[in-house]
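Everything on this sheet refers to the single structure shown next.
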Amino acid sequence: MMPVIDLRSDTVTKPTTAMRKAMAQAEVGDDVYGEDPTVNKLQDTAAALLGKKAALFVPSGTMANQLAIRAQTQPGQEVIVESKAHIVRYEQGAAGALAGVQLHWVAGERGLMGVEQVEAAIRPKDPHTIQTALICIENTHNSGGGTIYPLATIERIRAVASAHRIPMHLDGARLFNAVTATTLPPASYAQHFETVSLCLSKGLGAPAGSLLLSNDLALIDKARRFRRMYGGAMRQAGILAAAGLYALEHHVGRLKMDHDNAKRLARRLQQIPAVTINPQHVETNIVIFDVVDHRLSPAAIVAVLKEEGVLLNAIGATSFRAVTHLDVSTGAIDQAADIIARVLN
């Protein structure tokens with residue numbers, strides 16, 4: 001059987017043999033009682049890495065984001081977020097359904113909001129207008145193509161937020177991709193946010209799990225209560241936490257390989273006449289490209305590529321997304337590029 005090169009997402013990674021061993025050997029307890037030593041170690045390790053006082057282990061990135069929103073807002077308030085952010089596109093309207101807030105969409109450039117846009121989106125404090133409760137930033141930005149928020153931009157948005165006394169949340173599902181690409185320490189980003197979410201099951205390669213981090217211990221306690229309400233309290237979760245610990249200890253440094261492979265794929269795609277792509281826009285592990293005026297529809301292109309052994313996603317009328325990760329080697333990237341070129345030509 002022909003091996004499949006899966007570029008649909010970095011969520012498709014499978015635990016390595018060493019990670020599975022760490023999971024099998026994990027010491028466990030009941031995390032609802034706070035008695036799982038591996039969960040506690042993961043939370044403490046992540047908090048130290050990001051310069052926060054506490055962390056909460058949850059099943060998914062969506063839950064981490066929604067706990068942050070619920071814990072920092074009141075029903076009837078508004079949350080500023082970029083228009084194509086994960087919170088907007090991929091969380092099933094949870095902010096409205098679970099927290100009772102509405103989202104104020106700001107159309108950014110490749111997923112990045114400018115400070116002037118954020119300031120303009122903040123509602124005036126008058127009795128006739130919905131009130132802004134929270135500002136959310138996604139770094140790196142998934143739908144923007146793995147774009148990295150410049151730290152200087154974050155600092156300027158933080159200054160505006162502080163002037164208006166509005167807290168900020170960082171959807172840092174792929175924060176370590178930004179950290180690896182810029183070589184800045186994770187705390188340099190995290191320090192500007194009241195809450196930070198961090199996903200362990202994307203580029204870091206764990207099978208499941210995310211973290212919500214904060215310096216506010218009361219906020220983390222509130223989030224823990226909402227985690228129970230949302231069905232996210234787990235028992236012997238140390239088996240999953242062990243995978244997260246292994247990922248933080250062994251898989252952060254290797255993210256550069258994914259970035260290099262993404263840039264390699266972008267350069268190969270640029271050589272295909274039917275493809276439009278700017279390799280300079282590939283900053284981390286996500287490659288977005290367009291195929292215009294092709295005889296095959298996007299769905300048909302995806303289907304033919306699947307038959308040829310390459311999986312990727314169509315994300316628009318002409319756009320496609322490919323994501324590199326630890327289960328895709330440089331050789332596989334070259335094979336995928338050859339197959340894509342053959343199909344599109």
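The values are calculated or read from the model by the stated rules, or taken from the named source; none is laboratory data. Bear in mind the structure is a predicted one, so any value in this text is a computation, not a measurement. Because the Cβ atoms are built from the backbone with ideal geometry, glycine has one as well, and the counts that use them run over all protein chains shown.
Among the listed residues S83, S60, which satisfies the condition of being assigned by TED's automatic domain parsing to the domain that holds L219, more than 16 Å from S210 (Cα to Cα) and not hydrophobic (A, V, I, L, M, F, W, C)? So the residue among S83, S60 that is assigned by TED's automatic domain parsing to the domain that holds L219, more than 16 Å from S210 (Cα to Cα) and not hydrophobic (A, V, I, L, M, F, W, C) is S83.
Quick one: is N278 closer than 30 Å to F320 by Cα, polar (S, T, N, Q) and either buried (at least 23 other Cβ atoms within 10 Å of the Cβ) or at pLDDT 95 or above (or both)? For N278, the condition - closer than 30 Å to F320 by Cα, polar (S, T, N, Q) and either buried (at least 23 other Cβ atoms within 10 Å of the Cβ) or at pLDDT 95 or above (or both) - is met. Taken over the range 196-222, the criterion of being within 17 Å of I87 (Cα to Cα) and among the β-branched types (V, I, T) is satisfied by V196 alone. Highlighted here are the helices (runs of 4 or more DSSP H) found entirely within the range 1-78 that include at least 3 residues which are over 18 Å from E138 (Cα atoms) and out of contact with any Lys or Arg (no Cβ under 7 Å at 6 or more places or on another chain): 17-24, 37-50.
None of A208, A237, A247, A223 is surrounded by fewer than 20 Cβ atoms within 10 Å (Cβ to Cβ) and either among the basic types (K, R) or under 22 Å from the mean Cα position of the chain (by Cα) (or both) except A208.
Put simply, of K306, K256 the only residue that is within 24 Å of L184 (Cβ to Cβ) and either hydroxyl-bearing (S, T, Y) or not in a strand (DSSP E or B) (or both) is K256. Scanning the range 272-303 for residues that are in a strand (DSSP E or B) and of a type in the set (V, I, T) gives V275, T276, I286, V287, I288, V291.
Is at least one residue of the range 42-49 of a type in the set (A, V, I, L, M), without any contact (Cβ under 8 Å) to a residue 24 or more places away in the chain, outside the structural domain of D334 (by TED's automatic domain parsing) and under 25 Å from T180 (Cβ atoms)? Yes - at least one qualifying residue is present in the range 42-49. Just so you know, in the range 138-163 the residues that are among the hydrophobic types (A, V, I, L, M, F, W, C) and closer than 14 Å to E283 by Cβ include one that is surrounded by the fewest Cβ atoms within 10 Å (Cβ to Cβ), and it is L151.
Which members of the range 156-175 meet the condition of being under 20 Å from the mean Cα position of the chain (by Cα) and more than 17 Å from Q72 (Cβ to Cβ)? Within the range 156-175, A173, R174, L175 meet the criteria.
The requirement of being surrounded by fewer than 24 Cβ atoms within 10 Å (Cβ to Cβ), in contact with a strand residue (DSSP E or B) (Cβ under 7 Å, 6 or more places away or on another chain), in contact (Cβ under 8 Å) with a residue 60 or more places away in the chain and of a type in the set (S, T, N, Q) is satisfied by S60.
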